[in-house]
Every structure is written in structure tokens, then in C-alpha cells.
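K.L.:
Got a structure here, written out as C-alpha cells. Questions coming.
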Amino acid sequence: MEIREEVLNEAELIKHEGGEIPEIAFWNSYYWLTDQPPKGMGLKLNEKEMMILKEAVIERYLTIIKRDLTYENFGKPFFRGIERATINLNRLKKYLKKENLKIKYPEIKKQIKEWFDTLLKILKSKNEEFLLSNEQKEKFIKELEGSL
């Protein structure tokens, strides 16, 4: 099954412009691709194309979670903080469960844990551990370790 260029373009849009709730971008793309002209392109998406769009949602979530677990982003206008990372992690987990993509979580969890551990190491090395409260850290870890 070949992936059509229109689907790949929409997947890129979801990844890079998907906002804070990438499922909204997914549905916008889905309706644009499948709705009949003139509102849409009138395509019938195959299973592989649907998966490309769903994986774009996952990648977008990972992008925004990483943004908020990256020390260099602290204080920048687009930075939302660990509370937001926790919320987005929760949303990602719900999305994986809803879309029956739970199998992907162990690898995703490993990556997010690496980002979190890196952040903690940097904060410790700079004596800036106070930037994250114990409550914030515990809440994030609880969400990361919790089941889907």
C-alpha cells in the first residue's frame, strides 16, 4: 500500500503545527482528506495512511512533552513547564489507549523518562533543583509509571 503525498503532507502538518491538542489537528486533516469536494479531497484512507496520521499525533505529543522537559526552554515564551508535560503525558496515554496503540507505550515511556532524568541531572548540576517542586516531580513520575 502506497502512502499518498496528501496524507504525508497532513501528517507533517500535525507533527509541526498540531498545537497543544494534536487530536484536533488529526480530525481536521482527516476531514480535509476524506470529505467530498469542495470541502475536502474525497479520499478513502487505507489502514496504513490512517496509521501515519495517528503516529503524527503521537510525535506531536512527544514534541510538546520534550519541549516542557528541556532545561534550555525554561523561561522562554513557548515553555509551559512540568505541569503541562504531565497533562500532555496523560493525554498521550489516553490517546494510545483509545486508539489501541498501547503496545507503543513502553518505548515512548523510556524516551520520556530519559528526557525527565536529563532535566533532573541538569537542575542538580546547576543547583537549580528548586525550579521543580517535589510535588511536581512526584506527580509526573506517577503519571509516567501509571498504567494506560
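The values are calculated or read from the model by the stated rules, or taken from the named source; none is laboratory data. In this text the structure is predicted, and so the values were computed from the model without any measurement. Quick reminder, even Gly has a Cβ in these numbers, built from the backbone with ideal geometry, and neighbours come from all protein chains shown.
K.L.:
Mind telling me which of the residues GLU83, GLU55 ends up being of a type in the set (D, E, K, R) and either in contact with a Lys or Arg (Cβ under 8 Å, 6 or more places away or on another chain) or under 15 Å from GLU20 (Cβ atoms) (or both)?
P.N.:
Matching residue, one of GLU83, GLU55: GLU83.
K.L.:
I'd like the full set of residues that are part of a helix (DSSP H, G or I) and among the aliphatic types (A, V, I, L, M), limited to the stretch 55-93. Show your work before the answer.
P.N.:
From the stretch 55-93, those part of a helix (DSSP H, G or I) are 55-67, 71-73, 82-93; that's our starting set.
Selection gives ALA56, VAL57, ILE58, LEU62, ILE64, ILE65, ILE82, ALA85, ILE87, LEU89, LEU92.
K.L.:
Of the residues in the stretch 1-32, how many are surrounded by 18 or more Cβ atoms within 10 Å (Cβ to Cβ) and either touching a Pro at 6+ places or on another chain (Cβ under 6 Å) or within 10 Å of VAL57 (Cβ to Cβ) (or both)?
P.N.:
Of the residues in the stretch 1-32, 9 are surrounded by 18 or more Cβ atoms within 10 Å (Cβ to Cβ) and either touching a Pro at 6+ places or on another chain (Cβ under 6 Å) or within 10 Å of VAL57 (Cβ to Cβ) (or both).
K.L.:
I've got another one for you. Only one of GLU83, GLU49, GLU72 is of a type in the set (D, E, K, R) and outside the structural domain of SER147 (by TED's automatic domain parsing); which?
P.N.:
GLU49
For every residue, the table says whether it meets (1) over 29 Å from ARG4 (Cβ atoms); (2) without any contact (Cβ under 8 Å) to a residue 40 or more places away in the chain.
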| residue | (1), (2) |
| --- | --- |
| LEU45 | no, yes |
| MET50 | no, yes |
| ILE58 | no, no |
| ASP68 | yes, yes |
| THR86 | yes, no |
| LYS93 | yes, no |
| GLY146 | yes, no |
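K.L.:
If we scan the stretch 35-47, do we find a residue that is buried (at least 17 other Cβ atoms within 10 Å of the Cβ), modelled with pLDDT of 95 or more and in a helix (DSSP H, G or I)?
P.N.:
Checked the stretch 35-47: no residue is buried (at least 17 other Cβ atoms within 10 Å of the Cβ), modelled with pLDDT of 95 or more and in a helix (DSSP H, G or I).
K.L.:
Now, a different point. Quick test for you: out of GLU107, GLU138, GLU114, pick the one residue that is in a helix (DSSP H, G or I), surrounded by fewer than 14 Cβ atoms within 10 Å (Cβ to Cβ) and over 19 Å from the mean Cα position of the chain (by Cα).
P.N.:
That would be GLU138, the only listed residue that is in a helix (DSSP H, G or I), surrounded by fewer than 14 Cβ atoms within 10 Å (Cβ to Cβ) and over 19 Å from the mean Cα position of the chain (by Cα).
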